[in-house]
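One structure below.
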Ligand code: URA
């Protein structure tokens with residue numbers, strides 16, 4: 001099959017067959033189709049979209065591009081393997097808190113996570129701010145750790161959905177991330193290949209997410225829930241707030257610190273609510289709790305009794321990290337220059353452009369401009385005044401953590417422009433916007 005014909009067909013709005021999609025994906029994964037043709041194809045998909053049949057074919061081709069795991073032999077008989085995935089947001093450190101909570105409640109979590117994409121951060125990059133922590137586990141190590149401590153978060157192994165691994169990095173640097181079929185295929189191919197029986201999807205919605213409107217987020221959620229159902233998996237999608245950054249911290253080490261604080265019971269209210277909701281949904285899908293109240297009680301107990309924090313520490317140590325950061329988060333790398341963004345006038349915070357905050361973090365060195373760029377784990381932003389907050393002149397809106405004065409000054413100006421302060425009281429933003437399950441509308 002000639003890749004140029006496939007690119008041209010999609011460029012001109014044609015519907016690709018499952019065979020054409022599989023041939024293109026296999027060719028790209030095996031290296032016979034180069035990056036520049038895959039980039040052209042991704043851009044054609046970005047502009048022309050895909051039918052549901054094409055998106056399903058794309059997902060299945062990417063899931064089948066490498067190993068397909070079955071983790072049941074690494075957990076107690078009858079245990080359901082439950083996974084979670086976020087479509088990506090700013091300050092989204094949810095996995096760092098949810099995974100230890102769920103594992104502490106007795107439901108094993110063996111998760112493969114990704115790196116940052118565009119203006120959003122990635123779980124693996126965040127965890128790498130813990131000295132020594134290693135995301136690269138063999139399948140054997142992954143299974144053993146899941147069996148022994150019930151919690152593993154690893155980088156996508158090179159042979160799990162390798163097509164997605166390659167395409168994900170390519171999309172990040174070719175402006176082709178915010179495409180509904182490409183996002184759905186990317187997320188669901190990894191989840192299908194990783195062998196989850198059930199999946200909680202955290203679909204971010206707002207100007208700090210790839211899905212900016214509720215309508216788009218619902219469309220993505222329904223698409224992913226339907227793909228999961230066709231593949232025999234039980235999927236619940238939560239549509240969650242991303243008009244403003246999640247919690248306070250944006251930036252790798254800062255986010256790890258915030259996740260630890262949340263497991264100690266003093267995280268920011270919006271983050272705490274999201275963590276409790278996602279963890280509860282996972283416990284329900286994993287049949288570790290029969291209904292919401294029971295699941296919430298288990299989650300709160302894991303925090304109150306410190307079992308989630310202890311689980312986090314065991315997991316960090318098992319993957320070669322310095323476990324003492326869990327008790328002493330000040331040991332995490334920190335930036336040399338810290339500056340405040342202050343309110344230029346009194347009023348109520350009406351809006352914070354989350355994407356601008358995310359891009360500022362990238363600009364500070366916390367993200368990548370091209371494939372494989374190193375990132376600076378120390379830098380980031382603490383958002384002190386969220387939407388709805390009442391501020392006086394000179395009150396702190398954000399705190400910038402930068403590697404030098406020049407970067408810090410640039411960040412201050414950019415963050416100032418991301419804030420809108422007005423006279424009218426503004427309502428704090430809700431955290432959970434909707435919930436989509438198969439068969440629902
Ligand atoms: N998360 C993914 O795994 N893939 C995407 O394309 C976007 C977010």
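The values are calculated or read from the model by the stated rules, or taken from the named source; none is laboratory data. As the structure is a prediction and not an experimental result, all values here were calculated from the model. Neighbour counts run over all protein chains shown; Cβ positions are idealised from the backbone, glycine included.
Here are the numbers:
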{"read-out": "Top-ranked residue of region 108-148 - restricted to ones that are assigned to a helix (DSSP H, G or I), out of contact with any strand residue (DSSP E or B) (no Cβ under 7 Å at 6 or more places or on another chain) and under 22 Å from residue 162 (Cβ atoms), ranked as farthest from the ligand (Cβ to nearest atom)", "value": "140"}
{"read-out": "Subset of region 253-282 that is in contact with a strand residue (DSSP E or B) (Cβ under 7 Å, 6 or more places away or on another chain) and over 24 Å from residue 293 (Cβ atoms) - its residue that is surrounded by the most Cβ atoms within 10 Å (Cβ to Cβ)", "value": "255"}
{"read-out": "Members of region 18-34 that are more than 18 Å from residue 182 (Cβ to Cβ) and outside any helix (DSSP H, G or I)", "value": "31, 32, 34"}
{"read-out": "Among (1) in contact (Cβ under 8 Å) with a residue 24 or more places away in the chain; (2) under 30 Å from residue 131 (Cβ atoms) - the single one residue 323 does not satisfy", "value": "(1)"}
{"read-out": "Among the residues listed as 364, 412, 382, 353, the single one being farther than 23 Å from residue 275 by Cβ, in contact with a strand residue (DSSP E or B) (Cβ under 7 Å, 6 or more places away or on another chain) and surrounded by 20 or more Cβ atoms within 10 Å (Cβ to Cβ)", "value": "364"}
{"read-out": "Evaluation of residue 217 against (1) away from the ligand (no atom under 13 Å from the Cβ); (2) in a helix (DSSP H, G or I) (one fails), failing number", "value": "(1)"}
{"read-out": "Single condition residue 430 does not satisfy, out of (1) surrounded by 14 or more Cβ atoms within 10 Å (Cβ to Cβ); (2) under 19 Å from residue 271 (Cβ atoms)", "value": "(1)"}
{"read-out": "Qualifying residue in region 229-239 (condition: surrounded by fewer than 24 Cβ atoms within 10 Å (Cβ to Cβ), at pLDDT below 95 and part of a helix (DSSP H, G or I))", "value": "yes"}
{"read-out": "Among the candidates 67, 148, residue that is at pLDDT below 95 and surrounded by fewer than 24 Cβ atoms within 10 Å (Cβ to Cβ)", "value": "67"}
{"read-out": "Residue that is farthest from the ligand (Cβ to nearest atom), among those in region 190-211 that are closer than 28 Å to residue 141 by Cβ and more than 15 Å from the chain's Cα centre (by Cα)", "value": "197"}
{"read-out": "Failed criterion for residue 369 (all others in (1) in contact with a helix residue (DSSP H, G or I) (Cβ under 9 Å, 6 or more places away or on another chain); (2) closer than 29 Å to residue 417 by Cβ; (3) modelled with pLDDT of 95 or more hold)", "value": "(3)"}
{"read-out": "Residue that is farthest from residue 30 (Cα to Cα), among those in region 151-176 that are in contact with a strand residue (DSSP E or B) (Cβ under 6 Å, 6 or more places away or on another chain) and within 11 Å of the ligand (Cβ to nearest atom)", "value": "172"}
